[in-house]
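For reference, the structure discussed in these notes is given below.
The values are calculated or read from the model by the stated rules, or taken from the named source; none is laboratory data. Computed from a predicted structure; not experimentally measured. Glycine also receives a Cβ, built like all others from the backbone with ideal geometry; neighbour counts cover every protein chain displayed. Ligands, DNA and RNA are excluded from the accessible area calculation, which covers all protein heavy atoms including side chains. Shrake-Rupley method; radii C 1.70, N 1.55, O 1.52, S 1.80 Å.
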Amino acid sequence: MRLSSLPAITLLLASSNLAAAPTDTTTPQIANTYINDAILPPIMAWHGGSKSLVVAPDAEWATPFEQNGLKTSPSYDKTFAWLDKLISQSDLLKKVSIGKSPQGRDIWMIVASKEGAEDATTLSDNGKPTLLVQAGIHSGEIDGKDAGMMLLRDMVFNGKAELLDNANLLFVPIFSVDGHERSTEYNRVNQRGPVNMGWRTTAQNLNLNRDYAKADTPEMQHMLQAINIWQPDLYIDVHVTDGIDYQYDVTFGYNLAQGQSPSIYNWLENSYRPTIESALSEQGHIPGPLVFAIDNTDITKGMSLWNASPRFSNGYGDARHLPTILIENHSLKPFKQRVLGTYVMLESSLKAIANDSTKLQSAIQQDKYRYSPRVTLSWQQEQQAQGWDFKGIGYTLEQSAISGNDIVRWNGEPKLYPNLPVIGGTKADVTVNRPAAYYIPSQWQEVIERLRVHGIRMTTLTKPAELKLQQYQFSEPQFAAKDYEGRQRVKATVQSQPVEMTLPAGTVRIDTKQPLGDLAMLLLEPQSADSLFQWGFFNPIFTRTEYIENYAVEPLAAKMLKEDPELQAEFNKALSDAEFAADPKARLRWFYKRSPYYDNQYLKYPVLRSN
């Protein structure tokens, strides 16, 4: 995952005490160091107990990762050839395609259950909680694939089938399948392995972990459909982070208590996190919270919490009340260490939902049907009451002869930074009242279809309806200076005004008192950062298509003033503004906007609110 850019990469590349990775002698044909080890900071020694999970490279059911010295990750074809062979040996496992990528590859999902379920109905009938694990949304960050393959193997052959006694597992080994096959040893210079890594974006150069809200990509549309069909109780999205160096090898997080799912947050924070951190620590890993430094060159300035918006997996999970974990393994730790930490986390997650399923499902239901009368659309950063004891790495600052900047040189030595200040997006910024419903005119087909992809329930008016509604009027639109994720984003000043109108048959109605009502609000309220409005779905409303010539405005304006003394007074007042009085075009436009010929839909949001 990459939330910062050049400063973070600079930190990772800069090291005055360069050190190679510890020698791994399991498989002599694989190089003992990665190609980028010479330019990365020193590695902390690691001797975790989870090494016992690895089988010998010549074992019959060794994964490709184990066969090749814990240094490589298999291609798409080799991954599923191995998994197909495993599935043929067990009734526990089934393989289903959730859809095809733009280049025609299947996005496969492995269904693991005691009953051998191969469809969502059969799976739900067993009454057990379901864990959905997704690897390779950024396909160079592929730790989850190899960890999941090992775990499935151990369920079939090594006595871990009992993990499915009280839980189900859905496992997507590779989400961004096309990006996965754009693989070389020169991807992700700041990451220690695997030897070959996939590409960050899809074949269409879109970032799937910016696509949850707008759902432009076929891959994301398939995943959202799978979530709607299979209804998991916990969703884990496996990444590899970058940025600063620190001791933690497995960090993970989720949205905050101040988000849309406070009951789910409480379960994750008070039940799930202690269980997972204990399991990781027992196996020699160092777990930690999702970590972002306020200033990558000065750790003492503190850390930042992240309340993600719905374009990201964890923010999307918060909006739709699906408990969602963002794993960020530390990119400077060796690939084998990251894979084994992920294995431990996936195994312990299955145990956690099995052992505490009643409280988990209760939390989900509470948030789905909470229907808060006010919903927060954006958050401000504020200082948190409690600081963090941060398990960091020592470093010095040196001026670079190459860039001229002060750069960090990590020394590989553990260092505790006690009670660091923490800021977080926990102060409500923009909030709105929950409307009873939204109404969308039938011509906005792309918007309606996108909401349907999310699983939001809607009905269609079968006859005209005369209603009193609220409509947003926009002014001062600001378009992004450049394309972002294939779209031109826009913001505008928003004002609400009452309207009475007759809605035609075919208008779509979205009730906000439904399980995905909060998600609908975050997608349809224009002040929400991941609203379909800000993603550019409604940009045609900013285009004026009808005009009036000056020779027609002049006599029209004279007629309007003659017939309306109040308009004359209003015009006289406007002329007191010297800038307006000196602008002939502005004066004529003033009359045109007040005439019946002006476009009454210009700069008005076509989505209407019912109170």
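Considering only residues that are open to solvent by less than 10 Å² (accessible area, probe 1.4 Å), in a loop (DSSP other than H, G, I, E, B) and small (Gly, Ala, Ser), which ones fall in segment 505-538?
Residues satisfying the conditions are 528, 531.
Of all residues in segment 348-369, which are of a type in the set (D, E, K, R) and over 23 Å from the mean Cα position of the chain (by Cα)?
351, 356, 359
If I filter segment 114-124 down to residues being assigned to a loop (DSSP other than H, G, I, E, B) and in contact with a helix residue (DSSP H, G or I) (Cβ under 6 Å, 6 or more places away or on another chain), which single residue comes out as farthest from residue 221 (Cα to Cα)?
The qualifying residue farthest from residue 221 (Cα to Cα) is 114.
Does residue 502 satisfy being open to solvent by less than 30 Å² (accessible area, probe 1.4 Å) and out of contact with any helix residue (DSSP H, G or I) (no Cβ under 6 Å at 6 or more places or on another chain)?
Numbers: open to solvent by less than 30 Å² (accessible area, probe 1.4 Å): no; out of contact with any helix residue (DSSP H, G or I) (no Cβ under 6 Å at 6 or more places or on another chain): yes.
Answer is no for this residue.
Residues that are farther than 28 Å from residue 288 by Cβ, outside any loop (DSSP other than H, G, I, E, B), of a type in the set (A, V, I, L, M, F, W, C) and touching a strand residue (DSSP E or B) at 6+ places or on another chain (Cβ under 7 Å): does segment 208-223 have at least one?
So far as segment 208-223 goes, no, none of its residues is farther than 28 Å from residue 288 by Cβ, outside any loop (DSSP other than H, G, I, E, B), of a type in the set (A, V, I, L, M, F, W, C) and touching a strand residue (DSSP E or B) at 6+ places or on another chain (Cβ under 7 Å).
Identify all residues within segment 407-433 that are within 30 Å of residue 217 (Cβ to Cβ), open to solvent by less than 60 Å² (accessible area, probe 1.4 Å) and not in a strand (DSSP E or B); write none if there are none.
430
Out of segment 125-159, which residues are of a type in the set (A, V, I, L, M, F, W, C), more than 19 Å from residue 68 (Cα to Cα) and in a helix (DSSP H, G or I)? Steps first, please.
Initial filter on segment 125-159 (of a type in the set (A, V, I, L, M, F, W, C)): 131-133, 135, 137, 142, 147, 149-152, 155-157.
Checking which are more than 19 Å from residue 68 (Cα to Cα) leaves us with 131-133, 135, 137, 155-157.
155, 156, 157 - these are the residues of segment 125-159 that are of a type in the set (A, V, I, L, M, F, W, C), more than 19 Å from residue 68 (Cα to Cα) and in a helix (DSSP H, G or I).
For segment 246-262, which positions are out of contact with any Phe, Trp or Tyr (no Cβ under 8 Å at 6 or more places or on another chain) and open to solvent by 10 Å² or more (accessible area, probe 1.4 Å)? Full working, then the answer.
Of the residues in segment 246-262, the ones out of contact with any Phe, Trp or Tyr (no Cβ under 8 Å at 6 or more places or on another chain) are 247-248, 250-252, 260-262.
Of everything in segment 246-262, those that are out of contact with any Phe, Trp or Tyr (no Cβ under 8 Å at 6 or more places or on another chain) and open to solvent by 10 Å² or more (accessible area, probe 1.4 Å) turn out to be 247, 248, 260, 262.
Only one of (1) modelled with pLDDT under 95; (2) of a type outside the set (D, E, K, R); (3) part of a loop (DSSP other than H, G, I, E, B) is not met by residue 38, so which one is it?
Here residue 38 meets the rest and fails (3).
For a quick check of your reading: which strands (runs of 3 or more DSSP E) sit entirely within segment 332-406 and have at least 3 residues that are aromatic (Phe, Trp, Tyr) and touching a residue at least 24 places away in the same chain (Cβ under 8 Å)?
Details: elements: 374-376, 379-383, 388-399.
Correct list: 388-399.
Hey, among 452, 457, which residue is in a loop (DSSP other than H, G, I, E, B), open to solvent by 30 Å² or more (accessible area, probe 1.4 Å) and either within 18 Å of residue 319 (Cα to Cα) or of a type in the set (Val, Ile, Thr) (or both)?
After applying the criteria, what remains is 457.
Just one of 82, 108 is at pLDDT 50 or above, under 30 Å from residue 205 (Cα atoms), touching a strand residue (DSSP E or B) at 6+ places or on another chain (Cβ under 7 Å) and aromatic (Phe, Trp, Tyr); which is it?
The conditions single out 108.
Return the total of residues in segment 60-85 being assigned to a loop (DSSP other than H, G, I, E, B), free of Cβ contacts under 8 Å to residues at least 60 places away in the same chain and either within 23 Å of residue 286 (Cβ to Cβ) or open to solvent by 40 Å² or more (accessible area, probe 1.4 Å) (or both).
2
Quick one: is residue 175 under 24 Å from the mean Cα position of the chain (by Cα), assigned to a strand (DSSP E or B) and surrounded by 24 or more Cβ atoms within 10 Å (Cβ to Cβ)? Please lay out each step first, then the result.
Working: under 24 Å from the mean Cα position of the chain (by Cα): yes; assigned to a strand (DSSP E or B): no; surrounded by 24 or more Cβ atoms within 10 Å (Cβ to Cβ): yes.
Judged against the criteria, residue 175 is not a match.
With respect to residue 560, determine if the residue is outside any loop (DSSP other than H, G, I, E, B) and under 23 Å from residue 458 (Cβ atoms).
no
Could you check, for segment 553-574, whether at least one of its residues is of a type in the set (Phe, Trp, Tyr) and surrounded by 13 or more Cβ atoms within 10 Å (Cβ to Cβ)?
yes
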